[in-house]
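Chemist: This is the structure I have questions about; it appears just below.
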Amino acid sequence: MSQTVPTQWIDLPRDGRSQAAYLALPPAGRGPGLVLFQEIFGVNAHIRAVAEHYALAGYVVLAPDVFWRQAPRVELGYDGDDLQRARALLARADPAQLTQDAVAAVQALRGRAEVVGGMGVLGYCLGGRLAYLAAAHTEVDAAVAYYGGGIQDRLDLAERVRCPMLLHYGQRDAHIPLEAVQRVRQALPQAQVHVYAEADHGFNCWARATYHPPSAALALARSLTLLATTLF
């Protein structure tokens, strides 16, 4: 636990069981709510650090354990056996349950006494898709998705997204072709869609080989701007 950013794991009641979530509080102890959705690698050291960074910016951040049904509190690396295990966990996860859990996380954070102001969602890869789904199924005030794989396959929900939304993509991302990005752009005309010419998938994560600091810095600035102008 940081002296500046208090952090703790908490339990969210779900279906008669408990879903773990990482909670990071801002220095003031109160602020707007931000649900942070992980990549397929769990609420690992990188995601926890991201939560703490946004808490330092003034947000009450909740990062739910997405794979709590299959492998509670799993933390994985980005290649080798860990990558294969992460993909297997995603393949076993039920899309409907993932969406229900995302909605429940938003509701849980909204009900906390520390949350004052608006409510936003933010996610990376799988988490980017969950941020989009949460925006479609809840009344959040802002949504940010980094290289959200699969958003292009759920554009039937686009008209349900009423909040300001920001989407970040890497032009070199082989997982999300530019044709898919263009379809997202057309389906969400109110959203800001940015494509970073030198960026690959996972460009925001400093623990990955594809980390691209200039793109990550610019995307962070844009994300903070959107959240600050909509949640405070």
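Chemist: Quick check on my filter: what residues within segment 104-115 are surrounded by 15 or more Cβ atoms within 10 Å (Cβ to Cβ) and either among the hydrophobic types (A, V, I, L, M, F, W, C) or at pLDDT below 95 (or both)?
Modeler: Within segment 104-115, Ala104, Ala105, Val106, Ala108, Leu109, Val115 meet the criteria.
Chemist: List the number of the failed condition for Tyr54; all other conditions in (1) surrounded by fewer than 20 Cβ atoms within 10 Å (Cβ to Cβ); (2) assigned to a helix (DSSP H, G or I); (3) of a type outside the set (S, T, N, Q); (4) touching a Leu at 6+ places or on another chain (Cβ under 9 Å) hold.
Modeler: Tallying (1) surrounded by fewer than 20 Cβ atoms within 10 Å (Cβ to Cβ); (2) assigned to a helix (DSSP H, G or I); (3) of a type outside the set (S, T, N, Q); (4) touching a Leu at 6+ places or on another chain (Cβ under 9 Å), Tyr54 fails exactly one: (1).
Chemist: What residue, of Phe232, Phe203, is within 16 Å of the chain's Cα centre (by Cα) and modelled with pLDDT of 95 or more? Lay out the reasoning, then the answer.
Modeler: Values: Phe232 fails: within 16 Å of the chain's Cα centre (by Cα).
None of the others qualify; the one that does is Phe203.
Chemist: Would you please name the residue that is nearest to Val43 (Cα to Cα), looking only at residues in segment 80-132 that are part of a loop (DSSP other than H, G, I, E, B) and in contact with a Phe, Trp or Tyr (Cβ under 8 Å, 6 or more places away or on another chain)?
Modeler: Within segment 80-132, the match that is nearest to Val43 (Cα to Cα) is Cys125.
Chemist: Here's something else I'd like to know. Filter segment 206-229 down to residues that are β-branched (Val, Ile, Thr) and either assigned to a loop (DSSP other than H, G, I, E, B) or more than 17 Å from the chain's Cα centre (by Cα) (or both) and give me whichever is surrounded by the fewest Cβ atoms within 10 Å (Cβ to Cβ).
Modeler: Thr229
Chemist: Which is acidic (Asp, Glu) and surrounded by 15 or more Cβ atoms within 10 Å (Cβ to Cβ), of Asp101, Asp81?
Modeler: Asp101
Chemist: Of everything in segment 1-51 that's of a type in the set (A, V, I, L, M, F, W, C) and part of a loop (DSSP other than H, G, I, E, B), which residue is farthest from Gly127 (Cα to Cα)?
Modeler: Among those that are of a type in the set (A, V, I, L, M, F, W, C) and part of a loop (DSSP other than H, G, I, E, B), it is Ala28.
Chemist: Now, a different point. Return the residue satisfying two criteria in turn: it lies in segment 1-51 and is farther than 27 Å from Pro95 by Cβ, open to solvent by 10 Å² or more (accessible area, probe 1.4 Å) and β-branched (Val, Ile, Thr), and of such residues it is modelled with the lowest pLDDT.
Modeler: Among those residues, the one meeting the criterion is Thr4.
Chemist: Tally the residues that are among the acidic types (Asp, Glu) and not in a loop (DSSP other than H, G, I, E, B), restricting the search to segment 59-79.
Modeler: 1
Chemist: Considering segment 182-205 alone, what residues qualify as being open to solvent by less than 40 Å² (accessible area, probe 1.4 Å) and in a helix (DSSP H, G or I)?
Modeler: Hits for segment 182-205 are Val184, Ala187.
Chemist: Which of (1) closer than 22 Å to Leu224 by Cα; (2) without any contact (Cβ under 8 Å) to a residue 24 or more places away in the chain is the odd one out, the single condition Tyr169 does not satisfy?
Modeler: In the conditions (1) closer than 22 Å to Leu224 by Cα; (2) without any contact (Cβ under 8 Å) to a residue 24 or more places away in the chain, Tyr169 misses (2) alone.
Chemist: Another question about this same structure. Given the criterion among the hydrophobic types (A, V, I, L, M, F, W, C) and under 24 Å from Leu62 (Cβ atoms), identify the matching residue among Leu220, Leu178, Leu155. First the steps, then the outcome.
Modeler: Details: Leu178 fails: under 24 Å from Leu62 (Cβ atoms); Leu155 fails: under 24 Å from Leu62 (Cβ atoms).
After applying the criteria, what remains is Leu220.
The values are calculated or read from the model by the stated rules, or taken from the named source; none is laboratory data. As the structure is a prediction and not an experimental result, all values here were calculated from the model. As a convention, Cβ positions derive from the backbone with ideal geometry for all residues, glycine included, and neighbour counts pool all protein chains shown. What goes into the accessible areas is simple: the full protein's heavy atoms, side chains included, and nothing from ligands, DNA or RNA. Shrake-Rupley method; radii C 1.70, N 1.55, O 1.52, S 1.80 Å.
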